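Chemist: My questions will all concern the structure given below.
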Amino acid sequence: MKFVELFKTLLLVLSSAICSCYPQGAPIDICDTISHSRNPGLTFAYEAPYALFQTSLSYKPGQVINVSIQRLTTHSTFEGFMVQAVDKISGRYIGRFLDADGLHPMDECSAVTHKDNKPKTSIQLAWVAPLSQRGDVVFRGTILERKTKYYEGLVSRLEPVRNQY
Ligand SMILES: *[C@@H]1O[C@H](CO)[C@@H](O)[C@H](O)[C@H]1NC(C)=O
């Protein structure tokens with residue numbers, strides 16, 4: 001199964017679960033599933049040539065934080081991604097990503113994924129903090145380099161110098 005289809009399937013599972021089975025919202029494990037997707041056709045690779053950066057660690061109610069996926073080597077491109085926002089202390093996913101070209105936000109999981117599988121060299125995201133709390137946020141990501149290879153468990157760090165790559 002192509003990863004695009006895999007993600008579509010996950011989205012379908014997600015939305016049907018939310019719409020028909022859990023009128024109060026998805027249980028936590030569905031959102032956990034999307035960030036730890038397993039597929040027999042995919043090979044998990046260590047040492048990702050990509051990094052996740054965030055422009056701020058702490059958030060205030062409603063604050064927008066920029067998040068980017070950047071490549072660390074010259075020739076790397078990736079076809080897909082999944083990024084999820086997690087409160088650093090509680091470990092719960094929080095906030096939501098703003099919609100933009102090529103993005104598919106999943107507000108139920110405080111996550112965002114790609115819409116197309118064109119080769120990408122970087123991705124810019126904007127995350128909005130919940131209106132009712134403050135704290136520290138980290139972003140975790142999965143990068144699908146191509147149909148058969150992915151990197152999982154990326155954790156964002158504070159962007160040292162903007163537009164460095
Ligand atoms: C976040 O991104 C927006 C749009 O690209 C930009 O105008 C803003 O300066 C960025 N903020 C930070 C803190 O980098």
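Chemist: In this structure, is S132 small (G, A, S), over 23 Å from L72 (Cβ atoms) and within 11 Å of the chain's Cα centre (by Cα)?
Modeler: So S132 does not fit the description; no.
Chemist: Run down S122, S76, S110 and say which single residue is within 16 Å of the ligand (Cβ to nearest atom) and hydroxyl-bearing (S, T, Y).
Modeler: It is S122.
Chemist: Now, a different point. Restricting attention to region 47-61, report how many residues are in a loop (DSSP other than H, G, I, E, B) and over 18 Å from K88 (Cβ atoms).
Modeler: 3
No value in this document is a laboratory result; all are computed from the given coordinates. Being a predicted model, the structure only gives us computed values, none of them experimental. Neighbour counts run over all protein chains shown; Cβ positions are idealised from the backbone, glycine included.
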